[in-house]
Amino acid sequence: MTYAIIAVVLLVVVVLFVALSRRSGGGEAPVAEKPTSLPRPQAKAAVRPETATAPRAEAKPAETPKETPPAAAPGPTSISQKLPSQKMAVEPPLAAPPRDLSVLRKGLAKARGDGGFLGRLASLFAGKKELDPTIADQVEEILLSSDVGVPTTHAILERLRDGLGKNELASSQAVWDALRADAKRILGIGGGKVAASHKPEVIFMVGVNGVGKTTTIGKLASKFKSEGRTVVLAAGDTFRAAAVQQLEVWGKRIGCEVVKGKEGADPGAVIFDAIQKAKQGGVDVVLADTAGRLQTKTPLMDELKKIVRTMQKAMEGSPHETLLVLDATNGQNAVSQAKMFQEAIPLTGIVLTKLDGTAKGGVILGITDELKIPVRYVGLGERADDLREFNADEFVEALFGASAEETAAA
C-alpha cells in the first residue's frame, strides 16, 4: 500500500515534470523561433556595418573630391583668366582682312609704269626735297595727257597751287599725298557692287559697240551665281546673232536661263518676257543686254528710252540699275559717251572695262568727277574674276601706293 502510494506520487511528479517541461519547452519555442527571426535583424545589423564601412571606406575618397574642388577651384579660374587672351588671339582673323592689292596693282601696271599716268607723276617728284612753283604746270600737263579731263584737272591744280602758295606742300611727298587725297575724294562718291535689293533685280546694260558689254554681262552673271543668286539673261541685242550666241555660251557655262527672240525682234519685248519669267520663277537677278549704239545717233538713243518704258510695264520701278559699260582705252571719248547716255536715260553706275590695257587711266577720275556717276565694277583682264567690285580706297592705294617690291627696292 505504501509502495503503491509512493508509486502514484512518483508518477504524478513525473507527469507534472513532463508537463512543466513541455510548458517550458513551449515557452522556449518562441525563444527558439526568435533566433530564427533574429538573424533578420542581425543580418540587417550585419549589413549595416558593411554598408557603413563601405561609405566610410569611400568616404575618404569622397572627402578627397570634396576637398579637391577648393584646390581645383584655381584651375577653372586660371582657365577663365586665359580665355580673354585666347579670344584676343582668335578675334583678329574674324575681322575682315584687307584685300590683296597685288592683283589690282598688276591690272594697273601700265598706268603705274614709267610711261603711265602715275609713273610720270612719280618721276616728276623723284629725288626732289624742295619743289619749284612751276611743278604745278608739269602736273597739269601729265593730268591732261592722261585723260583726266580739263574740269577735273583745273580743280585739282587749284587746290595744289593753293597749298604750294601757303607752303603747306613744301615737299614732293606732301604734293603726292595731296594728289592721292584728291583722287580718293573724287572717287569716293559711292559705287561698288550692285546691292540687288529687289526680286528680281533688273539690271540694264548699255554702251557703244565694242566696249565688252556682252562679256561683262556674262562675268556679272558668274559673280551673282557664285554668291548663290539665280540669274536670267535677256538677249536684248537682237540685231547681232553673235551676241545671242555669246550669252548662250555663258548661260550653259554658269547654269542660267537665256531668254531670246528671233533675229531682229523687238528688244523691249525680249526683255519684257525675261522679266516676266523671272517673276514667275522667283529668280533673283535679270541681266538685260542691248545692242551697242553710238551716243550721237538720236534714233538709237530714243530706242533706249522705249526699252526702259517697256521694262517698267513688266515690273514697276525697273530697271533698278542702269549700268553704262565704258572702254577705258577710249579716254576722253568715254567721257563724251557717258554724258550722252546720261542725257538719254538715268545712269546708276559705270563699269570701266579694259583698264589693264591703258597707260592713262585718269579717265576714271574725269568721269566720276564731271558726271557724279559712281563706278560699280572695273575690268582688269579677260577672266570672269578679273571683273572686280570697285572700292575707292583700294583703287587709290593700288594706283598711288608703292608695292612691297617697290618699297624694298627703294
Residues being farther than 13 Å from residue 368 by Cβ, open to solvent by less than 70 Å² (accessible area, probe 1.4 Å) and within 31 Å of the chain's Cα centre (by Cα) - total across segment 330-350: 1
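Restricting attention to segment 162-170, does a residue exist that is open to solvent by 60 Å² or more (accessible area, probe 1.4 Å) and either at pLDDT 90 or above or within 16 Å of residue 360 (Cα to Cα) (or both)?
Applying the first criterion (open to solvent by 60 Å² or more (accessible area, probe 1.4 Å)) to segment 162-170 yields 162, 165-168, 170.
Adding the requirement that they be either at pLDDT 90 or above or within 16 Å of residue 360 (Cα to Cα) (or both) leaves none.
No, segment 162-170 has no match at all.
Here is a yes/no grid of residues against (1) closer than 30 Å to residue 226 by Cβ; (2) in contact (Cβ under 8 Å) with a residue 40 or more places away in the chain; (3) among the hydroxyl-bearing types (Ser, Thr, Tyr):
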| site | (1), (2), (3) |
| --- | --- |
| 241 | yes, no, no |
| 300 | no, no, no |
| 308 | yes, yes, no |
| 319 | yes, yes, no |
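Looking at 183, 196, which one is assigned to a loop (DSSP other than H, G, I, E, B), touching a Phe, Trp or Tyr at 6+ places or on another chain (Cβ under 8 Å), of a type in the set (Gly, Ala, Ser) and crowded, with 16+ Cβ neighbours inside 10 Å?
Working: 183 fails: assigned to a loop (DSSP other than H, G, I, E, B).
Of 183, 196, the one residue that is assigned to a loop (DSSP other than H, G, I, E, B), touching a Phe, Trp or Tyr at 6+ places or on another chain (Cβ under 8 Å), of a type in the set (Gly, Ala, Ser) and crowded, with 16+ Cβ neighbours inside 10 Å is 196.
Which of the residues that make up segment 175-193 are of a type in the set (A, V, I, L, M, F, W, C) and out of contact with any helix residue (DSSP H, G or I) (no Cβ under 8 Å at 6 or more places or on another chain)? Walk me through it before giving the result.
Within segment 175-193, the subset of a type in the set (A, V, I, L, M, F, W, C) is 175-176, 178-179, 181, 183, 186-187, 189.
Residue satisfying the conditions is 181 alone.
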Condition broken by residue 325, with the remaining ones in (1) open to solvent by 10 Å² or more (accessible area, probe 1.4 Å); (2) closer than 23 Å to residue 395 by Cα satisfied: (1)
Failed item in (1) within 27 Å of residue 334 (Cα to Cα); (2) outside any helix (DSSP H, G or I), with residue 265 passing the rest: (1)
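Out of the residues in segment 300-318 that are of a type in the set (S, T, N, Q) and part of a helix (DSSP H, G or I), state the one that is most open to solvent (accessible area, probe 1.4 Å).
Filtering segment 300-318 for residues that are of a type in the set (S, T, N, Q) and part of a helix (DSSP H, G or I), the one most open to solvent (accessible area, probe 1.4 Å) comes out as 312.
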Subset of segment 92-142 that is β-branched (Val, Ile, Thr) and modelled with pLDDT of 85 or more - its residue that is surrounded by the fewest Cβ atoms within 10 Å (Cβ to Cβ): 142
Residue in segment 257-266 that is open to solvent by less than 70 Å² (accessible area, probe 1.4 Å), of a type in the set (A, V, I, L, M, F, W, C) and modelled with pLDDT under 95 present: yes
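Among the residues of segment 351-401, which ones are hydroxyl-bearing (Ser, Thr, Tyr) and in contact with a Lys or Arg (Cβ under 9 Å, 6 or more places away or on another chain)? Outline the logic, then answer.
To start, the set of residues in segment 351-401 that are hydroxyl-bearing (Ser, Thr, Tyr) comprises 353, 358, 368, 377.
The answer is 353, 358, 377.
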Residue list for segment 379-394, filter: surrounded by 18 or more Cβ atoms within 10 Å (Cβ to Cβ) and either in contact with a Ser or Thr (Cβ under 8 Å, 6 or more places away or on another chain) or without any contact (Cβ under 8 Å) to a residue 24 or more places away in the chain (or both): 379, 384, 387
Residues of segment 274-299 satisfying the condition of being open to solvent by 10 Å² or more (accessible area, probe 1.4 Å) and among the hydrophobic types (A, V, I, L, M, F, W, C): 283, 291, 294
Any chance residue 227 is out of contact with any His (no Cβ under 8 Å at 6 or more places or on another chain), at pLDDT 90 or above and among the acidic types (Asp, Glu): yes
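The values are calculated or read from the model by the stated rules, or taken from the named source; none is laboratory data. For clarity, every value in this text was computed on a predicted model and none was experimentally measured. We place every Cβ from the backbone using ideal geometry, glycine too, and count neighbours over all the protein chains shown. Heads up: the accessible areas ignore ligands, DNA and RNA and are worked out on the full protein's heavy atoms, side chains in. Shrake-Rupley method; radii C 1.70, N 1.55, O 1.52, S 1.80 Å.
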